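Since the structure comes first, as structure tokens, the remarks are kept for the end.
The values are calculated or read from the model by the stated rules, or taken from the named source; none is laboratory data. The structure displayed is predicted, hence computed values, not measured ones. Counting neighbours? That spans all protein chains shown, and the Cβs are built from the backbone with ideal geometry, glycine included.
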Amino acid sequence: MTFLSIFPKRVFRSLAFEFRFRLNGWTLTGLALGLLVFLPMATVLWNLSNPPENWEHLKETVLGTYLMDSLILVAGTVLLSVLAGVSCAWLVTCCDFPGQKFLEWALVLPLAVPTFIAAYGYFDLLGIIEEKMIPLVIWARTQSPENLDNVIFLLDSLKYPVTILVMASVLYPYVYLLARASFSSQGSRLIEAARTLGYKPRSVFFRVALPLARPAIVAGASLVAMETLNDYGAVKHFGVSTFTIGIFRTWLGLDDLSGALRLASLLMLFILGLLVLERALRAGAKYDESKNARLPFRRYRLGPVGSGLAILCCLVPLAFGFLFPLWRLGSWALSTYEKILDWTFFKLILHSLSLAAISALVIVSAATFLAFVGRYFKNPSIQASNRLAILGYSVPGAVVAMAVLIVSGQINLSLGVILTGSLVTLVFAYLVRFLAVAWQPIDSGMDKNCAHLNEASQSLKSTPLVSLLKVNLPLLRPSLFAAGLLVFIDIMKELPLTLILRPFNFETLSTRTYDLTSQAQIAESSVPALCIILMVILPVVWLNRKMEAKP
Amino acid sequence: MTLLRLCLNSQKPTYCYPMRPLLTLFLFLNASFCAMAAEINVYSHRHYDSDAILFAKFTKETGIKVNVIKGSADQLIQRLISEGKNSPADVLLTVDAGRLHRAKEAGILQPVQSEKLQENVPLAMRDPEGNWYGLTVRARVLVYAKGRVKPSELSTYEDLASSKWRARLTVRSSSNIYNQSLLASIIEANGAEKALDWAKAVRKNMVRAPRGSDRDQARAVASGLADVAIMNTYYLGILANSTTEADREVARKVGVFFPNQKGRGAHVNVSGGGVTSSSKNKEGAIRFLEFLTSPESQKTFGEVNYEYPVKIENNRSSLLKSWGTFKPDGVNLSILGSRNAEAVRTFDRAGWE
Amino acid sequence: MTKLLSVRGVTKAFGSGDRPAVDQVSLECQKGEILAIVGGSGSGKTTLLRIIAGLEIPDAGEIDLNGAVTNAPNAFLPPEKRDCALVFQDYALFPNMTVEQNVFFSKASKQRKLEVDKLLEQTQIAGLRKRFPHQLSGGEQQRVALVRALATQPSLLLLDEPLSHLDPELRDNVRTELLGLFKKTQTTALFVSHDTEDAMAMADRVIVMREGQAIQVGTPAEVYSKPLDRYAALLFGKTNFVPLDLIPNAPHHFQDEDSNEKVVSIRPHDWQVIERDSQSSNSAISGRVSSVRYKGTHMELKIEVETMCILANVETSHGVMEGDEMTVFPTFD
């Protein structure tokens, strides 16, 4: 009497069915991959349970500063980005004025400028303002201590508006893109309804269009917030002590890795909490009118004064975020390019391009595989591990690098395989950090196009591989392309993670820019900086076209 | 290699034939030995032009190729720790003794002894056990606005805490290792409590929140925003010899003052290096350090990068001479490392960002 | 009865070279009246409605509404200032707002809380106040859209295909309800529909539109029994176009453009069908039954006569069979 003979045949057949759909090569690989990508984040979270040696000290002294500075910076940048992004999106979608077509795509250009390069473009802004304040300071020194304190406080606080301005000028396109998509998809129907109910066009914007666009605006704002917290170059330059600065300082200054990771995990939880809160606040209301036929939108024609104001309103963010930095970097580059452009520089470009391209390929493939396995096999554990795998985006790149360093250090210890300093580790770290970026368009593309087709394919008894290759991939082509471009752009612009993990003598354009600037060769750094921008412009404009083309 | 040529050039008598397998074996061993002797991997925080010149010279003289990976010392140390015994690094170069000490504590450096090294580097400028050796010296001095401050008003670091300097100082961020080492030396000299009071008072005396590099502090002094700044000597040299007129102007407008001359001496730090414990080419690494501490190399450091040689009295650079001689703080620089974490915590408590 | 709406010579073309969507249309609407505009797709009825609402600007023509000039060669009153409200075909409810927020969206409604509440009661959606549009059925959404429009107390209520999104079996009830609501609230309504049953059930007068032009105006009964052309006749159901010479004493005929002769429209149920009788009157037509179809309420016969095929309805008990020789003659009032 074997153990197995206890079970009747019926049970076996259902178990086999279970086996087919729960555990097979595909699902196991998917689960393994998802958990592997989650591993560094797990390391970060695990440090929450470890009381680090310096935690009390951190709490008493600097944690408040990190929190305060981060909050001020994020709040200010988000506010300014939303203001610029939403107003421009509205003008460009719903109004008709000369130059509207040009501005519609041009407003996206600042996306090509990484935050640290924007900071270099404005590197002396704070210094110039301070110099203007010198007479005030000299006068204040002769005044009472309270007055002097106030003036000093004022001087100290200047860094916030300057940093906020610099960051918002290159981050507003996130809000702009999403708000624009929302406004143009709302269609004219609801606007007309509001007008027949007695609302003037301007009121219609605030009472109808804006509330309907809320999820899009919030999504854009959360992207802005995450990019702000991720930045290392700009905040370091202007002296704002965000969480990222604190994480670096605790890790390297106090030599306390677990303390740094604890800060990082707090940050991660905070961000996740915000996202959950927003979801909850939305409860019940739906925001898209997908069942409505999309009628061509009848634009509101602006008179000469209105047109002038509209053009001005759109040109301001564009000027700050793109035209001025480009002009500045360009004039520096013209005077220094002979020094910089040599054979090794072209190698640099090659490194950057190939790294970004190969990583994009890897990440898009991983995202497709994971999304497919999750949907095709309808396995809840895969879907859960997928959700975990995309968490890497919610922490700054520096933290991902540190976590990957720990993980590969462990592997090194136990297996003797040296992974740190290899391209494999770097690409893996990119995977951990940017999986979410590729995941989002691919998953929603699969949701829209492939769901019922997978079921049809399953009922026709074809294998998962056939379904993936013949059914899903062809339909997903636009999503795959968009995902690849997004990841490519993000990797080309990435700095802190690459700085920490780059292999032996492997430089990219962003690391070279940072190195030159940290040696106070700001003018020379403009050449690699410009290269980054120029190389990313094309994908940015491309992506913009894709987003506009959506009906 | 030469043996091969000899063998081939010979008439190839019949008795050479059985030698062939032996020859190949010998060649293989020779080749791998050459390969091992042929290069060293250097993890360096230094990013100065002088280094490129010297490394090339070293390769020319010894035939050993120098592969450099640049990064901040902190990240390089983390990398070395993570890589462990499989790390390809042979030498670690930093710009601060504190980090060298930390590297030693982390076990990534190994003690090495060499006559030349002990001859070239004074005891205070190297690890007593030979884990690291100083290569150049930099002093952390006070620079003051020539028109507005008389040298007689300056005396010590500690004096900067007095209220007469209210809203007249500017110093860079405490995240920078030079400041951390300075505070470490103050903690060593005056004790933790006094050091905390000092840091608090100096922060209060700053005209603006810490930001920018040492050179930015000098520029602030020249522009009139501040009257006194703390900075490293070699940056002043870089400013004085800059290609931009504005920088040279800044250098002209500020004066150099070596503090604590009546006491323990001005705070000095070394840029130094050590052989990693995972090094596969220990010999080459030692030769490299010896080369860098040799008098010729020391001269190059002075001329190209305005750094003092490890034996300060050997200084040949006229610019450095123009600042005057000074008494350096004679404490062994290992304490800069051992008190580093405490210094950072002190800065945190003082609110010095 | 006072004239509420006056539309004169309104024309609108989209794009040059195409025929105008609305071509020189004129109509009038009295206070308290319920007017229907019917026509097939592309007849321009929706465009006309949108022009009256102010959502499209006509190329020519004038419109007065409740004493105010809304459209004139040099004047255009924007939709938010017009004294009319529009119920959209797809309801256009704001998806991110509750029923209550939708209904009380307009400024005017906020000052009429009590009346609007009563409206909600009357339409039996008061219990759904806190729900969101996507949680409602089609009929409930329509009522919300209706109340939202009525809440502004407009002089004229415009409705675009009010019943097209409803399930067929509900339509009859909704027609009755709508009519009742309009009468009770004394609403003047103008609605557009491609379904002539709506017009017949609810409208006081009907306007038939074809290819942008208004081809006939009259009560539903008038248009039904006295159409002015083929198109208008067929719009209201199956009919027979009999040449006038075959039925000389028909009370109404029209000039058919296609055959360029005078024809009479006789509905299938307006025939009396008897056994072939050679002694019948002038208007009798004889022929052979080619098909008999059972339609539940009646039998539909096809009778072959020399030049045409006549459609006639008889009671189910009639007993006629295929192949019978029958005589039909019209029953005139």
Restricting the search to region B:211-233, which residues are more than 10 Å from every other protein chain (Cβ to nearest Cβ) and touching a helix residue (DSSP H, G or I) at 6+ places or on another chain (Cβ under 6 Å)? B:Ala218, B:Ala222, B:Ala229, B:Met231, B:Asn232
Identify the residue in region A:476-519 that is free of Cβ contacts under 8 Å to residues at least 12 places away in the same chain and within 11 Å of another protein chain (Cβ to nearest Cβ) and, among all such residues, is surrounded by the fewest Cβ atoms within 10 Å (Cβ to Cβ). A:Asn505
Give me the residue from region C:301-322 that is surrounded by fewer than 16 Cβ atoms within 10 Å (Cβ to Cβ) and closer than 28 Å to C:Asp245 by Cβ and, out of that set, farthest from the chain's Cα centre (by Cα). C:Glu306
Of residues in region B:166-210 being basic (Lys, Arg) and either more than 18 Å from A:Phe238 (Cβ to Cβ) or more than 10 Å from every other protein chain (Cβ to nearest Cβ) (or both), the one nearest to the chain's Cα centre (by Cα): B:Arg203
Could you give me the residue pairs with C-beta distances under 6 Å whose first residue belongs to region C:208-234 and is more than 23 Å from C:Leu244 (Cβ to Cβ), whose second residue is in a helix (DSSP H, G or I) wherever it lies, and which are 6+ apart or on separate chains? C:Met209/C:Lys45; C:Pro220/C:Ala199; C:Pro220/C:Met200
Checking A:Ile363 against (1) within 30 Å of A:Ala451 (Cβ to Cβ); (2) surrounded by fewer than 23 Cβ atoms within 10 Å (Cβ to Cβ), the condition it does not meet: (2)
Pick out the one residue from A:Ala398, A:Ala371, A:Ala384 that is in a helix (DSSP H, G or I), away from chain B (no Cβ under 14 Å) and either closer than 23 Å to A:Leu480 by Cβ or touching a Leu at 6+ places or on another chain (Cβ under 7 Å) (or both). A:Ala371
Is there a residue being out of contact with any helix residue (DSSP H, G or I) (no Cβ under 9 Å at 6 or more places or on another chain), modelled with pLDDT under 85, part of a helix (DSSP H, G or I) and buried (at least 18 other Cβ atoms within 10 Å of the Cβ) anywhere in region A:189-210? yes
Which of the residues that make up region B:245-287 are part of a helix (DSSP H, G or I), farther than 21 Å from B:Ile81 by Cα and not hydrophobic (A, V, I, L, M, F, W, C)? B:Glu245, B:Asp247, B:Arg248, B:Glu249, B:Arg252, B:Lys253, B:Glu283, B:Gly284, B:Arg287
Residues that are buried (at least 23 other Cβ atoms within 10 Å of the Cβ) and farther than 11 Å from A:Thr27 by Cβ, drawn from region A:373-390: A:Asn386, A:Ala389, A:Ile390
Looking at (1) part of a helix (DSSP H, G or I); (2) more than 27 Å from the chain's Cα centre (by Cα), can you tell me which one B:Leu160 breaks? (2)
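Among the candidates A:Leu48, A:Leu36, which residue alone is modelled with pLDDT of 55 or more, in a loop (DSSP other than H, G, I, E, B) and surrounded by 14 or more Cβ atoms within 10 Å (Cβ to Cβ)? Reasoning before the result, please.
Numbers: A:Leu36 fails: in a loop (DSSP other than H, G, I, E, B).
Selected residue: A:Leu48, the only one of A:Leu48, A:Leu36 that is modelled with pLDDT of 55 or more, in a loop (DSSP other than H, G, I, E, B) and surrounded by 14 or more Cβ atoms within 10 Å (Cβ to Cβ).
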Matching residues, region B:169-183, being in a loop (DSSP other than H, G, I, E, B) and within 22 Å of B:Ala145 (Cα to Cα): B:Val171, B:Arg172, B:Ser173
Would you point out the residue of region B:49-90, among those that are within 20 Å of B:Ala103 (Cα to Cα) and of a type in the set (D, E, K, R), that is farthest from the other protein chains (Cβ to nearest Cβ)? B:Asp90
Check region C:37-60 and report whether any residue there is farther than 30 Å from C:Glu197 by Cβ, among the small types (Gly, Ala, Ser), in contact with a Ser or Thr (Cβ under 9 Å, 6 or more places away or on another chain) and at pLDDT 90 or above. yes
If we keep just the residues of region B:312-353 that are among the charged types (D, E, K, R), assigned to a helix (DSSP H, G or I) and more than 14 Å from chain A (Cβ to nearest Cβ), which is surrounded by the most Cβ atoms within 10 Å (Cβ to Cβ)? B:Lys321
Are any residues in region A:233-283 polar (S, T, N, Q) and more than 8 Å from chain B (Cβ to nearest Cβ), and if so, which ones? A:Thr242, A:Thr244, A:Thr250, A:Ser258, A:Ser265
Considering only strands (runs of 3 or more DSSP E) fully contained in region C:194-280, which possess at least 1 residues that are modelled with pLDDT under 90? C:240-243, C:254-256, C:261-266, C:271-275
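Quick one: would you say C:Val174 is under 30 Å from C:Asp64 (Cα atoms) and within 20 Å of the chain's Cα centre (by Cα)? Can you show your working first?
On the way: under 30 Å from C:Asp64 (Cα atoms): no; within 20 Å of the chain's Cα centre (by Cα): yes.
When the stated conditions are applied, C:Val174 does not pass them.
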Out of (1) β-branched (Val, Ile, Thr); (2) within 14 Å of chain C (Cβ to nearest Cβ); (3) farther than 30 Å from C:Phe88 by Cα, the one A:Thr163 does not meet is (2)
